[in-house]
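Have a look at the structure below, then the notes.
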Amino acid sequence: MTARLFTSALFAGLVAGLIAVLLQWALMEKLILEGEEYETGNKSHFGGVLVINEAQETANPDAAPTEDAAPAEDDEESLFTRYSLAFFADFTTFVGWSLMMVAGFALAERFGQRITIKDALIWGGAGFAAIQIMPGIGLAPELPGTPAAELEARQLWWVATAISAALAFALFGYGRTLLYVVIGIALLIAPQLIGAPRLDGYAGVAPPELAGEYVARSYAVAFIDWIVLGLAAGYFWNRGADTQNA
């Protein structure tokens, strides 16, 4: 059982991590780089007017190149390093989520509930709702440089909200009485009633249109990633069972 659990999580995390990196590269990287332009001050956005700050580049055009002018090879190496680290981070993250998911599969089977591919797909959707949607109601995805409340307070609220949502969906899926449904609804509502840590005002440096597009794409990418993770985890979990029974 232990070997089946870890191998299923490893392969599912590899598949989901690879898909996550490809989607981030195709849909998110350009927005992140654009957000970093505003974060560093290379671009400014005031009153709906775009200002590109090129003062440092045009102040002394006859000056010799500085060490900051990296060659194209260094830029390519930097991008390779960036994507490699992104893949490692996504792979590690999704292996962790996959371990939790297949541990749930194992627990469900202990109580006589066989996990089919359809069930795994539902688990993936529930994971997306618990990890992305419910915490995102109070703490939406943020572009680089977006001011936010104290990090520790946000992390605490995020973790509490995700755990509450996961427990609520488990009660919805496997609870046998109305009481479980009521408790689940209470678990979903409680963190939102408490409220996520927020600043008193808004002070983002990037255009709101860019931030809105970033949020929309973040949720779209996360949804696909969780669906892929659920399907992959269910496939490898059932394949491991077939191998053991063979």
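We did not get these values from a lab; they are worked out from the coordinates using the rules stated. Bear in mind the structure is a predicted one, so any value in this text is a computation, not a measurement. Every residue, glycine as well, gets a Cβ built from its backbone with ideal geometry; the counts of neighbours run over all protein chains shown.
The order of the peptides 5-16, 171-182 by mean Cβ neighbours within 10 Å, most packed first, is 5-16, 171-182. By the compact-protein rule of thumb, 2.2 N^0.38 Å, the alpha-carbon radius of gyration of the stretch 97-165 corresponds to a ratio of 1.39.
Summary of packing: across the peptides 104-115, 192-203, the per-residue average of other C-beta atoms within 10 Å ranks them, highest first, as 104-115, 192-203. In this structure, S78 and I183 have a Cβ-Cβ separation that, at R0 = 45 Å, corresponds to a calculated FRET efficiency of about 0.35. Each part gets one Cα centre, and for the stretch 184-238 versus the stretch 89-104 those centres are 17 Å apart.
With an a/c value of 1.5 or above and a/b not larger than b/c for the gyration tensor axes a ≥ b ≥ c computed over the alpha-carbon atoms, the stretch 140-239 is described as oblate.
Amide H contacts for K43 (H built 1.01 Å from N in the peptide plane; partners 5 or more residues away or on another chain; cut-off under 5 Å): Y38, N53. Positive contributions from Lys and Arg (+1) and negative ones from Asp and Glu (-1), summed over other residues with Cβ under 13 Å from the Cβ of A160, come out at 0.
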